[in-house]
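Please read the structure below before turning to the comments.
A short reminder: the numbers here are calculations on the coordinates, not readings from a lab. Model, not experiment: these values are computed from the prediction. Here the Cβ positions follow ideal geometry from the backbone for every residue, glycine too, while neighbour counts run over all protein chains shown.
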Amino acid sequence: MVEVIERYELSLQELEWVFRLELAPVMSRYQLSVASEWRKFDDYQLMKRLVSHNLRLTGWRRKRWALFSGLTTMMTRHRINELMNRLIVHRGQLPS
């Protein structure tokens, strides 16, 4: 994941907002459900949902998700923090 982030030259702030506005609202549905079998997970369906959400993410929808992003990111905050720490180390910066 660090390599992909670096390829697109995302700053930590940009990564945070991608997580809050584009990923977490869609992924929160998956966080609250129990998968019966991960081998049958439909990643194509997930990508369709992510793209669809992102295309609708304008105006008041963007503001609403920004307002409620704390709720949708609660369960995975530790994971994005770990990713950001790995990115900081990869970039040779000191973790804050």
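If you line up the long axis of helix 59-73 against the longest principal axis of the chain, both from Cα atoms, how many degrees apart are they, to the nearest 10? In the chain, helix 59-73 runs at an angle near 80 degrees to the longest axis. Only Lys, Arg, Asp and Glu carry charge here, each on its Cβ (+1 for the first two, -1 for the last two); on that basis the chain has a dipole of about 460 debye about its Cα centre.
Mean sequence separation of contacting Cα pairs (under 8 Å, at least six apart), scaled by the length of the chain, corresponds to a relative contact order of 46 percent. In a DSSP loop and with at most 14 other Cβ atoms within 10 Å, the chymotrypsin sites (Phe, Trp or Tyr not before Pro) in the chain are Tyr8, Phe41. Taking only DSSP H segments of four or more residues, each worth -39500 (n - 2.57), what value at 222 nm results for the chain once the sum is divided by all its residues, to the nearest 500 deg cm²/dmol? The helix contribution divided over the chain gives -19500 deg cm²/dmol.
Counting Lys +1, Arg +1, Asp -1, Glu -1, what net charge surrounds Leu83 among other residues with beta carbon under 14 Å of its beta carbon?
So the environment of Leu83 carries a net charge of 0.
Each of His90, His78 was scored by other Cβ atoms within 10 Å of its Cβ. Listed from fewest to most, they are His78, His90. The label point for Arg79 and the one for Ala66, both projected 7 Å from the Cα toward the Cβ, are 2.5 nm apart.
Under 11 Å from the Cβ of Gly70, count the other residues' Cβ atoms, weight Lys and Arg +1, Asp and Glu -1, and hand me the total.
Numbers: positive: Arg20, Arg77; negative: none.
Summing Lys/Arg as +1 and Asp/Glu as -1 gives +2.
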